[in-house]
1. So residue 53 passes all but one of these: (1) without any contact (Cβ under 8 Å) to a residue 12 or more places away in the chain; (2) touching a His at 6+ places or on another chain (Cβ under 9 Å). Which condition number does it fail?
2. Testing residue 33 on (1) within 10 Å of the chain's Cα centre (by Cα); (2) surrounded by fewer than 10 Cβ atoms within 10 Å (Cβ to Cβ), one condition comes back false. Which one is that?
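The values are calculated or read from the model by the stated rules, or taken from the named source; none is laboratory data. Owing to the predicted nature of the structure, the values given are computational and were not obtained by experimental measurement. All Cβ positions, even for glycine, are placed from backbone atoms using ideal geometry, and neighbour counts span all protein chains on display.
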Amino acid sequence: MLNSLLEPGMYVRHPDAADWGLGQVQSNIGGRITVNFEHRGKVVIDGSRVMLVPVFAGQE
């Protein structure tokens, strides 16, 4: 699963919540991914239910 490769500091987007904006991974422990989104704040994502989309430099 791609979510298991997410590490703190990486940037992601939520596939079903584009209005949350760009998010930065804070932690990824046991499939629970804490992300700080631009327009939503800190959210804990269940990585088994939501596949976050990684964003790399230049894709913002």
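1. All conditions are met except number (1).
2. That leaves (2) as the condition not met.
Okay, residues lined up against (1) of a type outside the set (Asp, Glu); (2) modelled with pLDDT under 95; (3) in a loop (DSSP other than H, G, I, E, B):
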residue	(1), (2), (3)
4	yes, yes, no
12	yes, no, no
16	no, no, yes
19	no, no, no
25	yes, no, no
33	yes, no, no
44	yes, no, no
49	yes, no, yes
58	yes, yes, yes
